[in-house]
Amino acid sequence: MSETVLVTGGTGFVAGWCIVELLKRGYSARTTVRSLSREPALRETVASASAPGNCLDVCVADLTQNAGWDEAVAGCDYVLHVASPLGDGAARDPQALIGPARDGTLRVLAAAVKAGVKRIVMTSAAATARVPMHANRISDETVWADPTEPRFDAYRRSKILAERAAWEFMECISGPTTLTTILPGAVFGPVLSRENLGSVRIIQQLLVGRPFALPRLGFWVVDVRDLADLHIRAMTAPAAAGERFIAAGTFMWMSDIAETLRSHLGADGARAPRLIMPDFVARIVALLIPQLRGLVAELGRRNDLTSDKAGRLLSFAPRPATSTLVACAASLPGIRGPEGLKDQDVPAKALGQRQQVDRS
């Protein structure tokens, strides 16, 4: 009999790939949605990636409500807590995002511990391990970011506070359940559905020529397929119990990402911006767009970090960022891709073997 894994937030970008990979590896998967009206689209998404949907169960549970979580985890061996609110109104009211993220995490953990699952793997963010602004060191899993730093927007603050709450909760419980947290950089890669694109919206905007000039912002790129694989490795590896793992591959400035799209997508990438936005212009623009204010402090900064721990303990070896970005762009509407991929074919064709990279 196969083991059962609950993946929270099944319609999300990362959660969708976790479900696909679990099903392909012979697990039974269960996932949560806020409304069963989303179930048909979710099953269609899973089928598009050639995963066996007959081993997928869909149930209703909301991070902002107590109802449904005991039923969702009942009989599960593991939980991948991937869901986190994005909060469109967070610029006006940060608590609209922070509260649900923190309290929702505690709801999931409480239900999982009560059910006696073996391990919870929680998706956090690399920003939760970011060193102070003027610290001269590389971020690793021993670092805890200060959520009161002005540099953090509501989303990153929600991730810091939710992960902190998770570890504090686990310190107060006894029993067989263990916790592992995964701290990804900017997640790109082929999309399985048009919902909850998250950071993929950056690629989507670049392909249509937005913004007109590129601010000096950079990202540690991680492929969603490698991230899903890492979640599953962390779920079962004895060495992962009670540990945090940063998951990131290559650092790229926005100008590097745009250049990659232009050079590998031909006409489909030709509109990616070429101009670089001076920092003073970026600061003026941020005054007019509240969602960008949290990025001003990051202009021109490369927040160095390391994924060596994930490589050492879980054999995490992210594929080259170029293949991630090209696969991401090729999966978006209206893009033919470097090999003439049809939009609907990309998810299935993108499920290739991970490319091992030299970690020496």
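The values are calculated or read from the model by the stated rules, or taken from the named source; none is laboratory data. This structure is a prediction, so every number in the text was calculated from the model and none was measured. Virtual Cβ from ideal backbone geometry, glycine too; neighbours counted across all protein chains shown.
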| request: Please state which one of Leu206, Leu261, Leu275, Leu179 is in contact with a Gly (Cβ under 7 Å, 6 or more places away or on another chain), farther than 30 Å from Val121 by Cβ and either modelled with pLDDT of 95 or more or buried (at least 22 other Cβ atoms within 10 Å of the Cβ) (or both). | output: Leu261
| request: Could you tell me which of the residues Val33, Val5 is in contact with a Phe, Trp or Tyr (Cβ under 7 Å, 6 or more places away or on another chain) and within 16 Å of Ala72 (Cα to Cα)? | output: Val5
| task | Considering each residue of region 37-78, count those that are part of a helix (DSSP H, G or I), at pLDDT below 95 and of a type in the set (A, V, I, L, M), and give that number. | result | 4
| query | For region 107-135, which residues satisfy the criterion of being within 22 Å of Pro184 (Cβ to Cβ) and without any contact (Cβ under 8 Å) to a residue 12 or more places away in the chain? | reply | Ala135
| request: Restricting attention to region 285-313, report how many residues are buried (at least 17 other Cβ atoms within 10 Å of the Cβ), in a loop (DSSP other than H, G, I, E, B) and modelled with pLDDT of 95 or more. | output: 1
| note | Taking region 266-295 and the residues there that are within 22 Å of the chain's Cα centre (by Cα) and of a type in the set (A, V, I, L, M), the one that is farthest from Arg137 (Cα to Cα) would be Leu292
| note | Pairs returned, first residue in region 66-86 that is polar (S, T, N, Q), second residue that is surrounded by 15 or more Cβ atoms within 10 Å (Cβ to Cβ), beta-carbon separation under 6 angstrom, 6 or more apart or interchain, are Ser84/Ala101
| So which residues in region 143-166 are surrounded by fewer than 16 Cβ atoms within 10 Å (Cβ to Cβ) and of a type in the set (Phe, Trp, Tyr), if there are any at all? | Trp144
| remark: Within region 121-141, of all residues that are buried (at least 17 other Cβ atoms within 10 Å of the Cβ) and β-branched (Val, Ile, Thr), the one farthest from Leu292 (Cα to Cα) is Val121
| request: Being among the aliphatic types (A, V, I, L, M) and assigned to a helix (DSSP H, G or I) is the filter; apply it to region 255-284 and report the residue that is nearest to Met133 (Cα to Cα). | output: Ala282
| field | Selection status of Thr11, of a type outside the set (Asp, Glu), within 21 Å of the chain's Cα centre (by Cα) and modelled with pLDDT under 95 | value | yes
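Residue-by-condition table, conditions (1) buried (at least 18 other Cβ atoms within 10 Å of the Cβ); (2) out of contact with any strand residue (DSSP E or B) (no Cβ under 6 Å at 6 or more places or on another chain); (3) not aliphatic (A, V, I, L, M):
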{"site": "Ala41", "(1), (2), (3)": "no, yes, no"}
{"site": "Glu44", "(1), (2), (3)": "no, yes, yes"}
{"site": "Ala47", "(1), (2), (3)": "no, yes, no"}
{"site": "Leu63", "(1), (2), (3)": "yes, yes, no"}
{"site": "Val79", "(1), (2), (3)": "yes, no, no"}
{"site": "Ala101", "(1), (2), (3)": "yes, yes, no"}
{"site": "Leu106", "(1), (2), (3)": "no, yes, no"}
{"site": "Lys114", "(1), (2), (3)": "no, yes, yes"}
{"site": "Arg119", "(1), (2), (3)": "yes, no, yes"}
